[in-house]
1. Which condition number does L98 fail, the rest of (1) touching a Gly at 6+ places or on another chain (Cβ under 8 Å); (2) among the hydrophobic types (A, V, I, L, M, F, W, C); (3) farther than 28 Å from R186 by Cβ being met?
2. The conditions are (1) under 21 Å from H117 (Cα atoms); (2) open to solvent by 10 Å² or more (accessible area, probe 1.4 Å); (3) modelled with pLDDT of 90 or more, and G57 fails exactly one of them. Which is it?
3. May I ask you to list pairs of residues, at least six apart or on different chains, whose Cβ atoms are under 8 Å apart, with the first in the stretch 45-68 being under 15 Å from G24 (Cα atoms) and the second being buried (at least 18 other Cβ atoms within 10 Å of the Cβ) and hydroxyl-bearing (S, T, Y)?
4. Might you check whether a residue that is surrounded by 14 or more Cβ atoms within 10 Å (Cβ to Cβ), among the small types (G, A, S) and under 15 Å from the mean Cα position of the chain (by Cα) occurs anywhere in the stretch 61-79?
5. For residues in the stretch 19-30 being open to solvent by less than 60 Å² (accessible area, probe 1.4 Å) and either more than 11 Å from S81 (Cβ to Cβ) or modelled with pLDDT of 95 or more (or both), which is nearest to the chain's Cα centre (by Cα)?
6. Scan the stretch 43-74 for residues that are farther than 15 Å from T95 by Cβ and not acidic (D, E) and report the count.
7. Those residues that are closer than 30 Å to G178 by Cα and either crowded, with 22+ Cβ neighbours inside 10 Å or in contact with a Pro (Cβ under 8 Å, 6 or more places away or on another chain) (or both), I need them from the stretch 94-117; list them, please.
8. From the list S199, S136, which one is at pLDDT below 70 and either of a type in the set (V, I, T) or open to solvent by less than 40 Å² (accessible area, probe 1.4 Å) (or both)?
Amino acid sequence: LQGQRVWVRLRGGHVLVCRLGRKGAHLVAELREQGRPVVVIEQDRNNESLDHCRDLGALVLLGSANDEWMLQQCFVNRASSLISVTGQDGVNVETAVLAHQLNSQRSMGRHLQCVVHVGEPNLQQLFKQHRIFGDSHDQFDLEFFNVFEVAARAMLREPPILRPDLTPPPHLVVVGLGNLGEALVRRALQDGMIDHPNSPKSLRITIVD
């Protein structure tokens, strides 16, 4: 463990993955398959993926991603990327803010690519007003992603079920208005207005919950 920490500190360029849920564990496996150095922050010491990630060669540290001391121990100011998929929007946002603050110690020319999962669209819009997005001179690039939005987009595009030339007109039935169901409805309305703004046929949506 100590040898890995020294290597990370001296070499840098590692990918920092915050939390080993299903998304995080799969991500670590893919990154290690590509030969990328990976550091993992996981709060649950009983997480079943810990030993597997260690076997893959990832450095695993126990702690909270939204803890400044822990991010320092992971040498976030020397990492190439930070990916926060803790399952809690607030924690992911706090992690990004702390990483931005610690990134001020970064040497010029080496950017930190920070990718965080934010499932609440309103929180995304609110966070975009933070000064992180207004500073074009720092060495920090931030991106949001929403796994439910990505899934909804894929489900509606392949096959393209909202084509206006369908007879009868499209009728979308969504059973269950959870995170994915809500994303499906929102994406269907947005795609209908953007892709077919002049279509005389209206999209029908029925929600069962």
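1. With respect to (1) touching a Gly at 6+ places or on another chain (Cβ under 8 Å); (2) among the hydrophobic types (A, V, I, L, M, F, W, C); (3) farther than 28 Å from R186 by Cβ, L98 is out only on (1).
2. (1)
3. Close Cβ pairs satisfying both conditions: A65/S84; A65/T86; A65/T95.
4. Yes: the stretch 61-79 contains one or more residues that are surrounded by 14 or more Cβ atoms within 10 Å (Cβ to Cβ), among the small types (G, A, S) and under 15 Å from the mean Cα position of the chain (by Cα).
5. Within the stretch 19-30, the first condition is being open to solvent by less than 60 Å² (accessible area, probe 1.4 Å), and the residues that meet it are 20-21, 24-25, 27-29.
Now drop any that are not either more than 11 Å from S81 (Cβ to Cβ) or modelled with pLDDT of 95 or more (or both), which leaves 20-21, 24-25, 28-29.
Values: L20: 13, G21: 12, G24: 10, A25: 13, V28: 13, A29: 16 Å.
Only one residue tops the list, namely G24.
6. Filtering the stretch 43-74 for residues farther than 15 Å from T95 by Cβ gives 44-60, 62.
Filter again for not acidic (D, E), leaving 45-47, 49-50, 52-54, 56-60, 62.
Counting residues in the stretch 43-74 that are farther than 15 Å from T95 by Cβ and not acidic (D, E) gives 14.
7. T95, A96, C114, V116, H117
8. S199
The values are calculated or read from the model by the stated rules, or taken from the named source; none is laboratory data. Keep in mind that this is a model prediction, so the values were computed, not measured. Neighbour counts are summed over all protein chains in view; Cβ atoms, including those assigned to glycine, are modelled from backbone coordinates with ideal geometry. Note: accessible area is taken over every heavy atom of the protein model, side chains too, but ligands, DNA and RNA are not part of it. Shrake-Rupley method; radii C 1.70, N 1.55, O 1.52, S 1.80 Å.
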